[in-house]
Structure formats: C-alpha cells, structure tokens
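Data block below; observations after.
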Amino acid sequence: MGATTETFYSVIRRQGITRRSFHKFCSLTATSLGLGPLASARIANALETKPRTPVIWMHGLECTCCSESFIRSAHPLVKDVVLSMISLDYDDTIMAAAGQQAEEILEETRAKYKGQYILAVEGNPPLNEGGMFCIDGGKPFVEKLKVMAEDAMAIIAWGACASWGCVQAAKPNPTQATPIDKVITNKPIIKVPGCPPIAEVMTGVVTFITTFGKLPELDRQGRPKMFYSQRIHDKCYRRPHFDAGQFVEEWDDEAARKGYCLYKMGCKGPTTYNACSTVRWNGGVSFPIQSGHGCIGCSEDGFWDKGSFYDRLTTIKQFGIERNADQVGMVAAGTVGAAVAAHAAVTAVKRLATKRDDANAKQDH
Amino acid sequence: MMDAVARPAETETNLAAIAADAAGEYAVGRPTVYVYEAPVRICHWVNAFAIVVLMVTGYLIGTPLPTVEGEASGSFVMGYVRFAHFAAGQVLAVFFLARILWAFVGNHHSRQIFYIPVHRKQFWKEVLHEIRWYAFLEREPKMYVGHNPLAQTAMFTGFTLFVTFMIVTGFALYSEGEGIDSWQHKAFGWVFSIWPNSQDVHTWHHLGMWALVMFVMVHVYAAIREDIMSRQSIISSMISGERQFRE
Ligand code: HEM
Ligand code: HEM
Ligand code: SF4
Ligand code: SF4
C-alpha cells in the first residue's frame with residue numbers, strides 16, 4: 001500500500017524507463033486527450049510531483065469486456081497505466097489477492113484515502129430481491145457499491161452496463177439491473193459508455209483524472225466531451241458515400257464490395273456518440289464500419305432494446321405491435337384517408353338528396 | 001366574444017340587395033369581412049410549402065433513394081435532400097415565429113390558433129355542434145368570421161402543437177451536426193435530456209411527420225368541403241383575406 005504515496009515518475013525511473021521516453025509519453029497523452037502542447041509539460045509536472053491516485057475497480061453484473069478492452073490499450077501502454085500511473089489497489093478480476101485478504105484492501109483504502117480514491121465500476125447492481133442477483137464477497141453488490149462510493153472522490157462508470165444498463169437491463173429487466181447514476185446520486189460520475197469502451201478512451205480518461213486530479217469536462221449525459229462529443233457518422237470515412245447517396249442495399253451486393261455507406265443496413269453511426277471512427281480499435285487497426293458492418297450504437301442508451309441492428313427505422317413496441325414509424329404512420333394516415341373519402345362520399349350523397357328535397361318542396365308550391 | 005355571427009347586421013340588408021344595373025344584369029352584393037390579414041396569409045402559404053418540402057425530404061432521409069452509380073465525388077443526392085430539409089426547416093421556424101409575433105399585433109383571428117378557451121362552456125357546446133355538423137347530424141352549419149370552434153381546436157393541436165414539436169426536435173437533431181458548442185445545441189440540447197439516445201428523437205420526429213400528414217389531409221379536405229358546403233367562403237379567404245357570406 002505504501003506504493004500509493006510514490007509518484008508515477010519515480011516508479012517508472014525505477015523500472016529503467018528513460019526521461020526521454022517519459023516526455024514522449026506525456027506529449028502523446030496530451031495529444032490523445034486533445035489538449036494543447038503546453039499540457040504536455042503540465043502532465044509531466046503532475047506525474048513527477050503528485051502521489052499516484054489509488055483506484056478501486058469493482059465488478060457488478062457485467063461480462064468483463066471493459067477489462068478485456070482496457071488491458072489491450074496500445075497507448076498509453078496499459079502496463080504503464082495500471083502498474084505505474086495509478087495504483088490499482090483492488091480489481092477482483094486481475095489481482096492476486098483473494099477472499100478475506102482482498103476484502104481487507106477495500107476497507108483499508110476506504111479508511112486511508114477517504115475522499116481521494118477513484119471508484120471505477122464495471123457492470124451495474126441489480127436491485128430486485130434486495131440485490132440478491134449479484135452477490136460479491138457474501139454481500140449484495142449494491143451494498144458494497146454504496147459503501148465504497150461513500151468515500152470516493154469520483155466514480156468512473158465503465159461501459160454501457162454502468163452507464164446505461166446494457167443487455168442485463170433489457171426489457172423486461174427481471175433483475176432490475178440499474179445504471180450507477182441511478183443508484184449513487186451524491187458523487188461526481190463520469191460515464192465512459194461503449195460495449196466495451198475503446199481502450200485508449202479508457203486509459204485517456206484515467207490519465208486525465210490522475211494527472212489533473214479532477215474529472216474532464218462532461219457533456220449533458222455525463223460523458224467526457226473529449227471523446228464523446230461527435231458521432232461516428234461525423235467522422236466516418238464512408239461519409240462521402242452517404243452524402244452522394246451511395247448505399248449498400250444488401251449484404252454482399254456490389255455496393256458492399258465497393259465500401260459504400262451502411263445507412264440502409266441499419267448503421268447507427270448517425271445517432272452514436274463515440275470515438276471509433278477516429279481512434280478506432282486494436283491500436284487503430286480498424287473499426288466495425290471499416291470491416292463492413294454497421295455501427296450498432298453500443299455506446300448509446302437503450303441500444304439493446306431498439307429492434308434489429310439491421311433496420312434503418314427503429315422498431316416501435318409501444319403500440320403493442322412491432323412496427324416502425326413509417327408502418328405506423330401509413331396505417332394511421334391510410335385510415336384517415338379512408339375516413340375522409342367516406343366522409344366526402346356521404347357529403348355528396350346528402351347534398352344530392354337535399355337538393356332533390358328542395359326541388360320537391362318548390363314543386364309542391 | 002366568440003366569432004359566431006348569428007347573422008351580421010348588415011347581412012340582412014345586403015343579402016337582399018340584388019340590384020339591377022344599367023344593363024339590366026343582376027349583381028349579387030354579398031357581405032364580406034376582412035378576416036385574414038396579409039401576414040397571416042403569407043405565413044400560411046410559406047409554412048404550407050415548407051411543410052410539404054419537409055415531408056418529402058424527411059421521408060427520403062428516413063428511406064433514401066436507390067443508390068447512385070459512379071464516383072462519390074460525382075453526386076450529392078443525399079446531401080441535397082438533407083440541405084433542402086434543413087433549409088425548409090429554418091424557413092418554417094422563421095415564419096412560424098413570425099406568425100406567433102403577429103398574433104400579438106394582428107386582429108382577433110390571428111390569435112385563434114394559439115389557444116383553446118378550455119374554460120368556456122359555450123365554446124365546447126359549439127365544438128359539439130360542429131362535430132354534429134360534420135357527422136351529418138345538423139342540417140345547417142353556423143357562420144363564423146374566423147375559425148369555427150372545432151377548427152380552432154384542430155388548428156391548435158394539429159398545427160401549433162405539432163409544428164412546435166417538429167421544430168424543437170428538428171433543431172435538436174440539427175444541433176448534432178452543428179456540434180455541442182453550437183447555439184442550436186445550447187437552445188435545443190435539452191431534448192436529449194428527455195431522450196438520451198438521439199435514435200429516439202429521430203423516431204419521434206418521424207412519427208411527428210405522420211401526425212402532420214394526417215392534419216394536412218383533414219385540413220385540406222375540410223377547407224375544400226367547407227368552401228362548397230358552408231355559408232361562407234373558405235379557400236379564397238386564405239388568398240384574399242376576405243370572408244364572404246352567402247345564402
Ligand atoms: C413539418 C416539419 C418536419 C417534418 C415533417 C420533418 C420530417 C423529418 C423526417 C421524416 C425525418 C427522418 C427521421 C428519421 O427517420 O431519421 C427528419 C429528419 C431530420 N429533420 Fe425533420 N422534419 C420537419 C421539421 C424539421 C425542422 C424544423 C428541422 C430543423 C432544422 C428538421 C431537421 C431534421 C434533421 C436534422 C433530421 C435528421 C437528418 C439526418 O439524420 O440526416 N426537421 N425530418
Ligand atoms: C402543409 C400544409 C398546411 C398547413 C400546415 C396549414 C395550416 C393552416 C393553419 C395553421 C391555418 C390557420 C391560419 C392561421 O390562423 O394562421 C390554416 C388556414 C387555412 N388553410 Fe391551411 N395549411 C396547409 C395547407 C393548406 C392547403 C393546401 C390549402 C388549400 C386547399 C389550405 C387552405 C386553408 C384555408 C382555406 C384556411 C382558412 C380556413 C378558414 O377560412 O377558416 N391550407 N391552414
Ligand atoms: S456507414 Fe454509418 S456512420 Fe458511416 S457514413 Fe454511413 S451511416 Fe454514417
Ligand atoms: S462502431 Fe458503434 S457499435 Fe461499434 S464499437 Fe463503435 S460505437 Fe460501438
């Protein structure tokens with residue numbers, strides 16, 4: 001535990017990393033966070049002088065894809081982040097300690113770093129049956145979460161689970177899986193959605209918090225603006241095909257081979273805020289659209305409950321039947337049209353009848 | 001006072017004023033009232049045109065035209081469709097706003113579409129009368145200078161509320177392209193507090209279009225029908241501004 005009072009710089013120097021590589025790392029990090037050239041010096045200064053920030057990483061109902069993504073970060077190298085930049089005191093998935101010993105770490109961190117540690121949550125707590133659906137260390141996860149959140153400086157909600165609920169919260173949500181911000185309401189929460197979030201985005205967020213000691217600027221939904229202020233569609237390399245009106249109409253058609261826009265195949269890029277089209281995945285190798293598949297909107301609220309990933313128009317279930325807006329609209333407008341036509345017909349008949357009546361009335365005189 | 005004119009005073013005399021002119025031909029003198037001032041009429045036709053453009057282009061945004069062959073640099077079909085939509089959207093917003101402002105300075109009828117006098121019993125009685133008239137249960141329609149009470153109710157919900165909804169959700173969607181620092185996002189970004197996923201805003205905006213389609217269908221039918229059936233001019237009123245009463 002003493003390691004947490006060390007600085008990042010002293011740790012990496014001890015590991016034999018040169019001062020030159022350290023500065024390279026600082027400027028790369030500054031760039032990836034979208035900060036100006038001066039920020040590099042500020043990052044270096046912070047990493048040289050500030051004690052490392054303790055991080056507690058907890059897991060609720062989840063699939064561990066966030067952790068899987070995180071440890072594959074190419075830059076800043078995750079081993080630097082995990083091992084040096086922050087002092088990851090507790091992560092029940094990757095730490096060596098287990099059982100009683102592991103649980104003690106939680107108590108210790110909470111006492112020693114009251115109000116100073118970061119609570120990173122992967123997954124979410126199910127609230128039904130008193131939280132019975134996710135038991136961790138003999139206690140419902142929701143209780144553990146509340147206790148640890150009490151003394152945290154801030155909370156990172158990793159992924160779609162912690163941010164929005166994700167598939168375990170899909171209708172009818174039997175376990176009542178609930179996103180973190182609906183359970184913890186008195187702490188700053190930063191949402192880093194995605195299923196999983198991009199590794200570089202995750203490490204970028206951690207780097208920012210640990211170097212500047214505060215949360216980055218968040219948008220209306222509580223996401224860091226630096227990574228979530230643009231849609232996939234805004235920076236998609238297939239965008240010229242979208243504007244030109246060149247669409248893939250069917251999988252494996254000529255347009256698909258030519259790499260046209262996947263809009264008609266249900267691509268959710270136009271409604272999805274994430275950094276995939278700029279940062280990409282696996283160290284910048286590719287991202288779903290580049291591999292020929294539309295975006296499924298994995299970083300958006302409720303993406304799991306909006307009908308097929310392959311439909312352009314969202315399936316609406318509120319009307320009892322599963323139809324899209326055009327199908328609902330056409331039926332409704334068709335009904336109104338038929339009513340108008342019928343009304344017009346009755347009007348015409350009535351008018352004729354009235355005229356005849358009037359004519360008859362005149363004749364009677 | 002409601003606009004129900006049992007029969008304007010001058011109507012009685014004017015209706016009978018059938019005078020032979022020098023040539024011995026008969027001209028019918030009909031009572032007329034100035035109802036729709038020029039700004040109301042201009043706003044009406046500009047908005048009607050904008051809404052038709054918005055419906056066509058909006059539908060094509062939801063279900064784009066078949067793929068265009070050739071180089072991407074060679075065409076801009078989706079770009080133009082969207083441009084037309086956004087341009088018509090801004091036009092609608094400006095003229096709708098102008099129409100609202102006119103309600104403050106214009107005549108009594110210019111305010112009709114912006115409220116329903118929910119608290120007045122007489123109003124609802126007249127709405128019922130109009131419903132009965134449209135349900136063929138009343139033989140004679142009443143005469144109104146402005147909108148009849150049923151039309152007023154329909155205008156308020158079908159036009160004022162729906163168009164406001166479309167403008168608000170439309171600008172919220174537009175702000176996504178303009179960026180979160182744009183004035184559009186500052187003014188309309190709150191829509192995403194209601195629907196955090198803009199996919200839902202798209203769906204509601206799209207459903208709103210169908211609601212408006214229904215309004216326009218009924219509206220145009222009612223306008224033509226009333227023009228033929230009722231005892232006042234309708235369609236020409238929206239062109240000249242004058243309401244003629246006839247027997
Ligand atoms: C009567 C008014 C309007 C109608 C009928 C209408 C109709 C539509 C429809 C059907 C869509 C497609 C939705 C989808 O399935 O994704 C759409 C999209 C859109 N509309 Fe409207 N709209 C109207 C007014 C406006 C206004 C006032 C604006 C504001 C400038 C606006 C901006 C947009 C935007 C930005 C999109 C999304 C375009 C995209 O995703 O590429 N609309 N509209
Ligand atoms: C997108 C289509 C349209 C919309 C949204 C629309 C909307 C409106 C609104 C809001 C009014 C009330 C006027 C006011 O106080 O501002 C009105 C009146 C009127 N509109 Fe339209 N309109 C549309 C299309 C048409 C068309 C195509 C016609 C022609 C047949 C038409 C004929 C009329 C007439 C005759 C009136 C006056 C009704 C009366 O005298 O009581 N409208 N419309
Ligand atoms: S592939 Fe998707 S994100 Fe890319 S331009 Fe087309 S719709 Fe937009
Ligand atoms: S492209 Fe869309 S679905 Fe795929 S990872 Fe990115 S945000 Fe998620």
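The values are calculated or read from the model by the stated rules, or taken from the named source; none is laboratory data. Here the structure is a predicted model, which is why all the values come from computation and not from measurement. Neighbour counts run over all protein chains shown; Cβ positions are idealised from the backbone, glycine included.
Regarding A:LEU119, is this residue surrounded by 22 or more Cβ atoms within 10 Å (Cβ to Cβ) and hydrophobic (A, V, I, L, M, F, W, C)?
Working: surrounded by 22 or more Cβ atoms within 10 Å (Cβ to Cβ): yes; hydrophobic (A, V, I, L, M, F, W, C): yes.
Yes.
B:ILE116: touching a residue at least 12 places away in the same chain (Cβ under 8 Å), part of a loop (DSSP other than H, G, I, E, B) and more than 12 Å from every other protein chain (Cβ to nearest Cβ), yes or no?
Details: touching a residue at least 12 places away in the same chain (Cβ under 8 Å): yes; part of a loop (DSSP other than H, G, I, E, B): yes; more than 12 Å from every other protein chain (Cβ to nearest Cβ): yes.
Yes, satisfied.
Exactly one of (1) more than 10 Å from chain A (Cβ to nearest Cβ); (2) free of Cβ contacts under 8 Å to residues at least 60 places away in the same chain is unmet by B:ILE239. Its number?
(2)
Looking at region A:303-316 only, could you name the residues that are surrounded by fewer than 20 Cβ atoms within 10 Å (Cβ to Cβ), in contact (Cβ under 8 Å) with a residue 24 or more places away in the chain and more than 16 Å from ligand 3 (Cβ to nearest atom)?
A:ASP305
Check region A:293-306 and report whether any residue there is in a helix (DSSP H, G or I) and farther than 16 Å from A:GLY194 by Cβ.
Looking through region A:293-306, at least one residue is in a helix (DSSP H, G or I) and farther than 16 Å from A:GLY194 by Cβ.
Could you list, in sequence order, all residues of region A:261-288 that are within 8 Å of ligand 3 (Cβ to nearest atom) and farther than 18 Å from B:GLU176 by Cβ?
If the condition is that a residue be within 8 Å of ligand 3 (Cβ to nearest atom) and farther than 18 Å from B:GLU176 by Cβ, then A:LEU262 is the only one that fits.
If B:LYS142 satisfies all but one of (1) touching a residue at least 60 places away in the same chain (Cβ under 8 Å); (2) over 24 Å from A:LEU352 (Cβ atoms); (3) not in a helix (DSSP H, G or I), what's the number of the condition it fails?
(2) is the only condition that B:LYS142 fails.
Here is a list of conditions, (1) at pLDDT below 95; (2) touching a Phe, Trp or Tyr at 6+ places or on another chain (Cβ under 9 Å), and B:PHE188 meets all of them except one; can you say which number that is?
The number of the failed condition is (1).
How many residues does region B:222-236 hold that are at the interface with chain A (Cβ under 7 Å from one of its Cβ atoms) and either closer than 20 Å to B:CYS43 by Cα or not in a helix (DSSP H, G or I) (or both)?
Number satisfying all stated conditions: 0.
Just for region A:191-238: of the residues that are closer than 22 Å to A:GLY283 by Cβ and of a type in the set (Phe, Trp, Tyr), which one is farthest from ligand 1 (Cβ to nearest atom)?
For region A:191-238, the residue satisfying everything is A:PHE208.
Residue by residue through region A:212-238, note down the ones that are buried (at least 19 other Cβ atoms within 10 Å of the Cβ), within 11 Å of another protein chain (Cβ to nearest Cβ) and not in a loop (DSSP other than H, G, I, E, B).
A:TYR228, A:ARG231, A:HIS233
Just the residues that are among the β-branched types (Val, Ile, Thr), within 16 Å of ligand 2 (Cβ to nearest atom) and either more than 27 Å from the chain's Cα centre (by Cα) or over 18 Å from B:LEU54 (Cβ atoms) (or both), please, taken from region B:144-197.
B:VAL145, B:THR153, B:THR157
I need a count of the residues in region A:265-288 that are away from ligand 1 (no atom under 16 Å from the Cβ), surrounded by fewer than 22 Cβ atoms within 10 Å (Cβ to Cβ) and within 18 Å of A:ARG231 (Cβ to Cβ).
5
For region A:239-259, name all the residues that are on the phi < 0 side of the Ramachandran plot, more than 7 Å from every other protein chain (Cβ to nearest Cβ) and more than 14 Å from ligand 1 (Cβ to nearest atom).
A:VAL248, A:GLU250, A:TRP251, A:ASP253, A:GLU254, A:ALA256, A:ARG257, A:LYS258, listed by residue number.
Only one residue in A:GLY115, A:GLY137 is at pLDDT 90 or above and among the small types (Gly, Ala, Ser), so which one is that?
Working: A:GLY137 fails: at pLDDT 90 or above.
Among A:GLY115, A:GLY137, only A:GLY115 is at pLDDT 90 or above and among the small types (Gly, Ala, Ser).
Out of the residues in region A:1-29 that are of a type in the set (A, V, I, L, M) and under 17 Å from A:ILE86 (Cα atoms), state the one that is farthest from the chain's Cα centre (by Cα).
A:ILE17
Restricting to region B:174-219, what's the tally of residues that are of a type in the set (Val, Ile, Thr) and more than 7 Å from chain A (Cβ to nearest Cβ)?
Total meeting the criteria: 4.
Has region A:58-76 got at least one residue that is in contact with a Lys or Arg (Cβ under 8 Å, 6 or more places away or on another chain) and either under 21 Å from A:GLU217 (Cβ atoms) or crowded, with 21+ Cβ neighbours inside 10 Å (or both)?
Yes.
List pairs: first residue in region A:326-337 and within 15 Å of B:HIS202 (Cβ to Cβ), second residue at pLDDT 95 or above and surrounded by fewer than 16 Cβ atoms within 10 Å (Cβ to Cβ) anywhere in the structure, Cβ distance under 9 angstrom, at least six positions apart or on different chains.
What qualifies is A:ASP326/B:THR63.
Please go through region A:211-233 and pick out each residue that is farther than 27 Å from A:TYR263 by Cβ and acidic (Asp, Glu).
Within region A:211-233, A:GLU217 is the sole residue that qualifies.
Please specify each residue of region B:54-112 satisfying the condition of being touching a Phe, Trp or Tyr at 6+ places or on another chain (Cβ under 8 Å), assigned to a helix (DSSP H, G or I) and within 16 Å of ligand 3 (Cβ to nearest atom).
Answer for region B:54-112, where residues must be touching a Phe, Trp or Tyr at 6+ places or on another chain (Cβ under 8 Å), assigned to a helix (DSSP H, G or I) and within 16 Å of ligand 3 (Cβ to nearest atom): just B:MET78.
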